[in-house]
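> Following this message is one structure expressed as structure tokens.
The values are calculated or read from the model by the stated rules, or taken from the named source; none is laboratory data. All values derive from a computational prediction rather than experimental measurement. Here the Cβ positions follow ideal geometry from the backbone for every residue, glycine too, while neighbour counts run over all protein chains shown. Note: accessible area is taken over every heavy atom of the protein model, side chains too, but ligands, DNA and RNA are not part of it. Shrake-Rupley method; radii C 1.70, N 1.55, O 1.52, S 1.80 Å.
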Amino acid sequence: MKIAVIGQSLFGQEVYCRLREEGHEVVGVFTVPDKDGKADPLGLKAEQDGVPVFKFPRWRAKGRALPEVVAQYGALGAELNVLPFCSQFIPMEVISAPRHGSIIYHPSLLPRHRGASAINWTLIHGDKKGGFTIFWADDGLDTGDLLLQKECEVLPDDTVSSLYNRFLFPEGVKGMVQAVKLISEGKAPRLPQPEEGATYEGIQRKETARIDWDQPAEAIHNWIRGNDKVPGAWTEACGQKLTFFNSTLSTAGLEPEGEELPIPGAHRPGVVTKAGLVLFGNDGRMTPAILEKTGKGDHRIQEGRPSPACPGLLLTRCPVRAGDPGVHQTGSPRGR
């Protein structure tokens, strides 16, 4: 089947590679322009393979599709559009053009968690199960008919990175390949999304990730892990902006020993221990976390050095995990 891949990132690259391995003809790849002289992984791989690559900065202007962009797309003769991860807004003239339409990957069990930060909100809400959906694109916001869904258990200390790397990335790639196979065999379902259970949440950004301390420890824990590592849950204390990662919910009930850290708005001061910072909810329960200080210039301090704003306070550096996905944004079924 002749396929146009529209998207970006390592996830998009892996889907592209697997589709070619399955014998499909990728007639073109549409990805984002180079950033700081660096090409997106999907576009870079396609160029190496000799596949036509297009890097349109936009597909529309003033609410209308750009004719020259639509013409370049149309000349490829794609029979299906595959959008594994697309951050651009793709016009309906392109979405509806192929014989088989367009399919999109979304990292939640639709209709729950429509929107561009679905993984974040799965964790913030404390969902016990998560997963992904592959759906047929329409002109709504993650509202298209369902093609395929797969679910997984969400572990108590899962973060955006761990859930993405453990399940949503590897199984999502397999799911996209399976969906294309079903389409090529004429067996792909189109199941309308139920309105019951539908939710939509906005995109999580740094400015919206500030911690509300007037809630139970479990909610604070979920907020931290749901913003870990991007955009990073934060607060202000001792004249610094503090960002928290690697939260766990303590069930030990033991009083921690260490230096107190006054946190405005918190039920009680945090406690700095050798293992990290212990935080408290308004129910008195504890959630240990790793602390990173960001301030003027958004710098990081080295592990074990005292904070100049809080003498005697030792801050620990958060380990950066390989394969950090950032935020897997889908937002609109036509990208953003």
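> Tell me which residues come under 5 Å, amide H to amide H, from Gln204 once H is placed; ignore anything under 5 positions away on its chain.
Ser117
> Could you give each residue of region 210-224 its phi-based ³J(HN,Hα) in whole Hz, using Karplus coefficients 6.51, -1.76, 1.60 with θ = phi - 60°, and x for Gly or Pro?
Working through the residues one at a time gives 5, 7, 8, 7, 8, 7, x, 4, 5, 5, 5, 4, 5, 5, 5 Hz.
> Moving on. Full-extension gain between Cys17 and Leu254, please, as 0.36 nm times their residue separation minus the C-alpha to C-alpha distance.
Taking Cys17 through Leu254 to full extension adds about 80.2 nm, to one decimal.
> Mind checking the per residue accessible area of region 206-293 for me, 1.4 Å probe, whole number of Å²?
43 Å²
> Take peptides 17-24, 189-196 and line them up by average Cβ neighbours within 10 Å, highest first, as a rough protection proxy.
Most protected by this proxy first, the peptides run 17-24, 189-196.
> Of the listed values (1) 30, 48, 21, 1; (2) 17, 24, 14, 12, 10, 8, 6, 4, 3, 1; (3) 30, 59, 10, 0, grab the one calculated as P(r) over Cα pairs in 20 Å bins from 0, in percent from the structure here.
Given (1) 30, 48, 21, 1; (2) 17, 24, 14, 12, 10, 8, 6, 4, 3, 1; (3) 30, 59, 10, 0, the calculated one carries the label (1).
> Another question, then. Could you tell me what percent of the accessible area of the chain is made up of carbon and sulfur, with a 1.4 Å probe and every protein chain present?
C and S atoms contribute 51 percent here.
> Largest first and in whole Å, give the semi-axes of region 2-185's equivalent ellipsoid, each being the square root of 5 times a Cα gyration tensor eigenvalue.
27, 17, 17
> Given H placed on each backbone N at 1.01 Å, which residues far from Leu242 in sequence or on other chains put an amide H within less than 5 Å of it?
Thr235, Glu236, Ala237, Thr294
> With every protein chain present, what is the per residue accessible area of region 2-185 (1.4 Å probe, Å²)?
Result: 40 Å² per residue.
> Continuing with the same structure: Cα to Cα, under 16 Å, and not fewer than 8 places away if on the same chain: which lysines meet these conditions relative to Lys128?
Lys150
> In addition: Could you list, bin by bin from short to long, the percent of Cα-Cα pairs of region 165-240 in 10 Å steps?
Calculated over all Cα pairs of region 165-240, the distribution is 14, 25, 29, 19, 9, 2, 0 percent.
> Highest mean first, how do 283-289, 227-233 rank when packing is the count of other Cβ atoms within 10 Å averaged over residues?
Going from most to least packed, we get 227-233, 283-289.
> Please give the calculated 222 nm ellipticity per residue for the chain, where each DSSP H segment of at least 4 residues contributes -39500 (n - 2.57) and the sum is spread over every residue; nearest 500 deg cm²/dmol?
After summing the helix terms and dividing by the residues of the chain, the value is -6000 deg cm²/dmol.
> Now for a different question. If you add up the charges near Val271, with Lys and Arg at +1 and Asp and Glu at -1, over every other residue whose beta carbon is less than 13 angstrom from its beta carbon, what do you get?
-2
> Order of 50-56, 119-125, 273-279, 63-69 by packing, highest average Cβ count within 10 Å first?
Ranked from most to least packed, the peptides come out as 119-125, 273-279, 50-56, 63-69.
> Something else: Would you mind working out the magnitude of the charge dipole of the chain relative to its Cα centre, with +1 at each Lys and Arg C-beta and -1 at each Asp and Glu C-beta, to the nearest 20 Debye?
680 debye
> Report ³J(HN,Hα) in whole Hz for each residue of region 144-151, in order, from the Karplus equation J = 6.51 cos²θ - 1.76 cosθ + 1.60 where θ = phi - 60°; Gly and Pro get x.
x, 4, 7, 10, 7, 9, 9, 10
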